[in-house]
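Engineer: Dumping the structure here so I can ask a few things about it.
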Amino acid sequence: MINQLRVYRIDPAAREAFHARFRDHAARLMRALDFRILAMWEEDRRPLGEDELNFVYLLAWRDEAEMQAKWAAFMAQEEWAEIKTRTSAEHGPMVLGNLDRILVPVDYSAALEPRS
């Protein structure tokens, strides 16, 4: 089992539109492909004097092969391409940058379980 940590730096002006797109479309399409999303968070660094608003989520995969296959299937979906094109035209670029990390547990780590 591996985990994937994804961080999207989002445009604060497009915050609500980003969350609507992820909640109503991306997460739904991911679940249909059996993505195991363990948790999602928002990290707002603006109160700390930094101009940064991040959306962070954690996924669980059996292995890297599953992760690559599922992401390829997600990105190949015509519905996702249409949603992304339409929402970007309406709201401008919502994601200003991203970070993707593969996390492999150490032997003394507690196991993470998907929420039901």
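Engineer: Run the numbers on the range 39-116 and let me know its relative contact order in percent, using alpha-carbon pairs under 8 Å that are six or more apart.
Structural biologist: 17
Engineer: I've got another one for you. Mean residue ellipticity at 222 nm from the helices of the chain, using -39,500 (n - 2.57) per DSSP H segment of n ≥ 4 over the full residue count, to the nearest 500 deg cm²/dmol?
Structural biologist: -10000 deg cm²/dmol
Engineer: Quote the FRET efficiency, to the nearest 0.05, computed for Leu103 versus Arg46 with a Förster distance R0 of 25 Å and r equal to the Cβ-Cβ distance. Present the calculation step by step, with values, prior to reporting the outcome.
Structural biologist: Details: r = 27 Å, r/R0 = 1.06.
After rounding, the FRET efficiency stands at 0.40.
Engineer: Using Cβ counts within 10 Å as a stand-in for footprinting exposure, how do Met94, Met40 rank, fewest first?
Structural biologist: Starting with the residue having the fewest Cβ neighbours, the order is Met40, Met94.
Engineer: Need the C-alpha centroid separation for the range 53-80 versus the range 2-19, integer Å.
Structural biologist: The range 53-80 and the range 2-19 have Cα centres spaced 14 Å from each other.
Engineer: If you look at just the Cα atoms of the range 2-103, how large are its Rg and its Dmax in Å?
Structural biologist: In order Rg, Dmax, the Cα atoms of the range 2-103 give 13.9, 40 Å.
Engineer: Please report, in debye to the nearest 20, how large the charge dipole of the chain is about its Cα centre when each Lys and Arg carries +1 at its beta carbon and each Asp and Glu carries -1 there. Before the final figure, lay out each step's value.
Structural biologist: Working: 16 positive and 20 negative charges, 38 e Å.
It comes to approximately 180 debye.
Engineer: If Lys and Arg each add +1 and Asp and Glu each add -1, what is the summed charge of the other residues whose beta carbon sits under 12 Å from the beta carbon of Ala69?
Structural biologist: -2
Engineer: Among Leu53, Ile10, Ala32, whose Cα lies farthest out toward the positive end of the dipole of the range 2-103, if unit charges sit on the beta carbon of Lys, Arg (+1) and Asp, Glu (-1)?
Structural biologist: Most positive-ward Cα: Ala32.
Each value in this text was obtained by applying a stated rule to the coordinates, not by laboratory testing. None of the values given here were measured: they were computed from a predicted structure. Every residue, glycine as well, gets a Cβ built from its backbone with ideal geometry; the counts of neighbours run over all protein chains shown.
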